[in-house]
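Here, each number is a calculation from the coordinates, and none is a lab measurement. In this text, all values refer to a predicted model and were calculated from it rather than measured experimentally. When we count neighbours, we look across all protein chains shown, and the Cβ atoms used for this are built from the backbone with ideal geometry, even at glycine.
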């Protein structure tokens, strides 16, 4: 524990040149050298987010593989689970929550239903609508995966102090909402 804390302190106190020379920082340097007239400052954030997306998704899928899941399926099942009993949502509500296309969600729901993890049924309040329900089998599958997934997320952000995590989350939230 002490060594992780010491490492975080050293990294926090490290000069900017160290983190500016990661893969993205080196690329920004080349952009600045070859195209000094282009403001490439957005790459400092966007490039790192794109790189981390791959790193995070690989780690998350490795964790979920122990449960025979990949992230898109896990996201649907976990979203239904955290909705609370009776663990039901409309496909539209799922789409509003997840980062999927409607066609992608339809195919995913078809596979999850075939595996017995969800059930699609008519919406009693809208005769044309459909409701997606997490089955007991799906609940038994996703709950342990949710615990492991949360642990992996904590491990992925362990290099940041609690204050840095909060600041990063706030900043990313503002970016998602398109506000300053």
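Laid out as a table, the results:
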item	result
The chain: relative contact order as a whole-number percent, Cα under 8 Å and 6+ apart	19 percent
C-alpha long axis of helix 162-177 to longest principal axis of the chain, angle in °	70 degrees
Packing-based order for 68-81, 135-148, using average beta carbon neighbours within 10 Å, highest first	68-81, 135-148
Rounded to 10°, Cα long-axis angle of helix 23-34 versus longest principal axis of the chain	60 degrees
0 to 90° range, to nearest 10: angle between helix 2-13 axis and the chain longest Cα axis	60 degrees
